[in-house]
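Encoded as structure tokens, the structure appears first; notes follow it.
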Amino acid sequence: MAMISASILNGDLAHLADTALTVAQSGADMLHYDVMDGCFVDNLSFGLPVLTSLRPCTALPIDVHLMIRDPLRYVGRFVEAGADLLSFHIESESDAAETLRAIQERGIPAGIALSPDTPAEAVSPLLPLLREQDFILAMTVHPGLGGQAFLPQVLPKIRQLRAMMQDAGCTAHIEVDGGINAETGRQCREAGADYLVAGSYLLAAENPAEAVQSLRG
Ligand code: DX5
Ligand code: ZN
């Protein structure tokens, strides 16, 4: 059964605590928090002070996805602000192995994110460094905006990642993010994903609890 991480990016940002409550009541397992710096991606979202304010508003683990140019520089600060899981992009300027280690040393699950055009092979050298609680985040849209259409060309990459991980004896998770709904979520689960991020599908649903159930499989 897949774990569901609800992205609040397209929620009511003037009432984040209410959005966090909606997410918790939906039965989602985690709250997905998208950090964008206007450099790595064109968009700007929210950063450290908003995370600090949001942290006491929810008991759910906060799954922080850094879409920023130099994630290594911010690892300590995001963990202190309340990140329970922390992912960064392999395409960023930080050294990936060093960033991974910095997150792992702080005792939380670490994720390596791949944009849609980045091949699965890019993570090969890092697979031996991943622990069971860590994850690879395969973006199923181009990072930067919520509410985009799912890119089906990422499905073979998810299958490839799962096969590479199996061969390497790597028991980490695969998270997918972007354009996830009941149908695309099923396709991703079948391809080997076990953490599903969903934003607009959940928050726009009349019944978010049913939407979460439809994603679990
Ligand atoms: C995109 C973000 C996603 C986004 C998902 O850059 O990383 O987490 O919020 O939103 P939906 O589910 O609407 O595509
Ligand atoms: Zn995200």
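Structure summary
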{"quantity": "Mean separation of Cα contacts under 8 Å (6+ apart) over length of segment 3-216, as relative contact order %", "calculated": "21 percent"}
{"quantity": "Among beta bridges that DSSP assigns inside the chain, antiparallel share in %, nearest 5", "calculated": "5 percent"}
{"quantity": "Within the accessible area of segment 70-111 (1.4 Å probe), percent carbon and sulfur", "calculated": "38 percent"}
{"quantity": "Dipole of the chain, positive end: most advanced residue of 39, 135, 82 [Cβ charges, Cα centre]", "calculated": "135"}
{"quantity": "Amide H partners (placed H, <5 Å) of residue 91, local residues excluded", "calculated": "115"}
{"quantity": "Euclidean distance between Cα centres, segment 79-109 to segment 193-209, Å", "calculated": "25 Å"}
{"quantity": "Surface accessible to a 1.4 Å probe, per residue, for the residues of segment 3-216, Å²", "calculated": "42 Å²"}
{"quantity": "Among 177, 84, 12, residue whose mean-square fluctuation peaks in a GNM of the chain (springs only between Cα atoms under 10 Å)", "calculated": "12"}
{"quantity": "Modelled FRET efficiency - R0 45 Å, residue 53 with residue 171, Cβ distances, 0.05 increments", "calculated": "0.80"}
{"quantity": "Stokes-Einstein diffusion coefficient of the chain, Kirkwood radius over Cα pairs, 10 °C, 1.306 mPa s, in µm²/s", "calculated": "94 µm²/s"}
{"quantity": "Calculated from backbone phi, Karplus (6.51, -1.76, 1.60) coupling profile of segment 203-208 in Hz, x at Gly/Pro", "calculated": "6, 8, 5, 5, 10, x"}
{"quantity": "Relative contact order [Cα under 8 Å, 6+ residues apart], segment 109-209, whole percent", "calculated": "28 percent"}
{"quantity": "Cβ-placed point charges (K, R +1; D, E -1), dipole of segment 3-216 about Cα centre in debye, nearest 20", "calculated": "220 debye"}
{"quantity": "The chain, helix-only ellipticity at 222 nm - DSSP H runs n ≥ 4, -39,500 (n - 2.57), divided by all residues, nearest 500", "calculated": "-9000 deg cm²/dmol"}
{"quantity": "Residues with amide H under 5 Å from that of residue 47, placed H, sequence gap 5 or more", "calculated": "none"}
{"quantity": "Whole-Hz ³J(HN,Hα) from phi, Karplus 6.51 cos²θ - 1.76 cosθ + 1.60, for segment 168-181, glycine and proline x", "calculated": "8, x, 9, 9, 5, 9, 10, 9, 10, 8, x, x, 8, 9"}
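The values are calculated or read from the model by the stated rules, or taken from the named source; none is laboratory data. Nothing here was measured: the structure is a model prediction, and the numbers come from that model. Neighbour counts are summed over all protein chains in view; Cβ atoms, including those assigned to glycine, are modelled from backbone coordinates with ideal geometry. Each accessible area value is taken on the protein alone, full model and side chains, heavy atoms only, with ligands, DNA and RNA left out. Shrake-Rupley method; radii C 1.70, N 1.55, O 1.52, S 1.80 Å.
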